[in-house]
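A quick write-up on the structure given underneath.
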C-alpha cells in the first residue's frame, strides 16, 4: 500500500531533507506550493503532514497561530499525523543543563512562549502528532543556519566564529540523521501515543571541540553589529533574544528516543561536522536569506 506524505515548507532546509528521507523509504511525496495549492485539498488521502512552515523570527507572533490552525484543520479532515520539528526554545534560560523529554517548558521570553503555544495547540487539538526536538542543525547544503552562516564561514581562513564562550557546551544535530529518525518514527506512528514528543540527542560540543574537529582555531563571533542594528531591525531583536542559548551550557538527553528506536545509529560526529563545513560559502560574501530557521 502506497504511503503518502505532504510536506509544508518543502523548499526550506527541514522540508527538503524530510523529502529526501521519505523518498529513500519509498514514500510518495506531495510538496505543498503556497502560491498554487489549497491545503485541505492537498492533504486529502495523505498519511503524514510534515509541518515545515517557519516564518522569519520577527513574524512568528503574526503568522504562526494561523499556520497552526490551518495545519490542525487539514490534519483533522484527512486523518493524517502531523510531524513537527521541535527546538530547545521551550525550555527557557532558567532550565536545567540537561534537556530531557520530561523537562518542563517554562520559557518566559516571546520566542519560547510562541513555540510552547504552537505545541500546546497541537496537543489540545487531538490531532495525532509527533514532535522530535533537536539543537541547532548541521546541514549538507548552505541554508542560512547558524553553522554555515556564522560558525563555519571563516573556516577557510583557519578559524571558526563561535557565537558564545568557546568552552560552553551546545546541542547540535546532523540534519540528515534527524530526518531519517523522524521517518522511522512516522512509520511507527500506530504504536505511539496520540501526542508524542521525543528529544533527539545529536551531539554536545563546545566551540573548542568543534574547532579541533575542523583543525582550526576557535574564534568568537562579534555581536556588536547586531546590537547596533537591532533598534531598526526587527529580526535582529529576535536573534538577540535567543543569544542566551550560546551562553547557557546545555545538552539533550535522548533516552526516551532510544527506547523507541533502540537500533538507530547516528553519523559519527567528526564526519557530520566535516560534511557540514564543506558547504561552499565565500567567507567574504554574506549569504542572502529569505526565511528563518526551524
Fill in the blank from the handout: To the nearest 0.05, the calculated FRET efficiency linking residue 259 and residue 222 through their beta-carbon distance, R0 being 35 Å, is 0.25
Completion exercise
The distance between the Cα centres of the range 148-209 and the range 214-279, in whole Å, is 7 Å
Problem - Gain on full stretching of the segment that runs from residue 169 to residue 98 - 0.36 nm per residue minus C-alpha separation - result: 24.5 nm
Exercise for the section: Please list the radius of gyration and Dmax for the range 4-277, considering alpha-carbon atoms only, with Å as the unit. Expected result: 18.4, 53
Exercise for the section: Using Cα pairs closer than 8 Å and at least 6 residues apart in sequence, work out the relative contact order for the range 87-152, in percent. Expected result: 26 percent
Completion exercise
The helix 60-78 Cα axis meets the longest alpha-carbon principal axis of the chain at an angle in degrees, between 0 and 90 and rounded to 10, of 30 degrees
Completion exercise
Quick calc: nm separation of the 7 Å Cα→Cβ label points for residue 274 and residue 157 -> 2.5 nm
Exercise for the section: Select from 212, 180, 189 the residue whose mean-square fluctuation is largest in a Gaussian network model of the chain (Cα-Cα springs shorter than 10 Å). Expected result: 212
Exercise for the section: With an 8 Å cut-off on Cα pairs and a minimum separation of 6 or more residues, tell me the relative contact order of the chain in percent. Expected result: 21 percent
Exercise for the section: Could you rank the peptides 239-249, 49-59, 15-25 by their average count of other C-beta atoms within 10 Å per residue, with the highest value first? Expected result: 49-59, 15-25, 239-249
Handout entry: Degrees separating the helix 13-24 axis from the principal Cα axis of the chain, which is the longest one
Key = 50 degrees
Fill in the blank from the handout: Helix 175-187: inclination vs the chain longest Cα principal axis, degrees, rounded to 10, gives 20 degrees
Practice task
Can you pull the one-decimal nm distance between simple spin-label points at residue 40 and residue 28, each 7 Å off the Cα toward Cβ?
Solution key: 2.2 nm
Fill in the blank from the handout: For residue 192 and residue 123, extending 7 Å from Cα along the Cα-Cβ vector and measuring point to point gives, in nm, a value of 1.6 nm
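Values quoted throughout were computed directly from the atomic coordinates according to the rules given, and no laboratory measurement underlies them. These numbers were taken from a predicted model, which means no experiment stands behind them. FYI the Cβ positions are ideal-geometry reconstructions off the backbone, even for glycines, and counts take in every protein chain you see.
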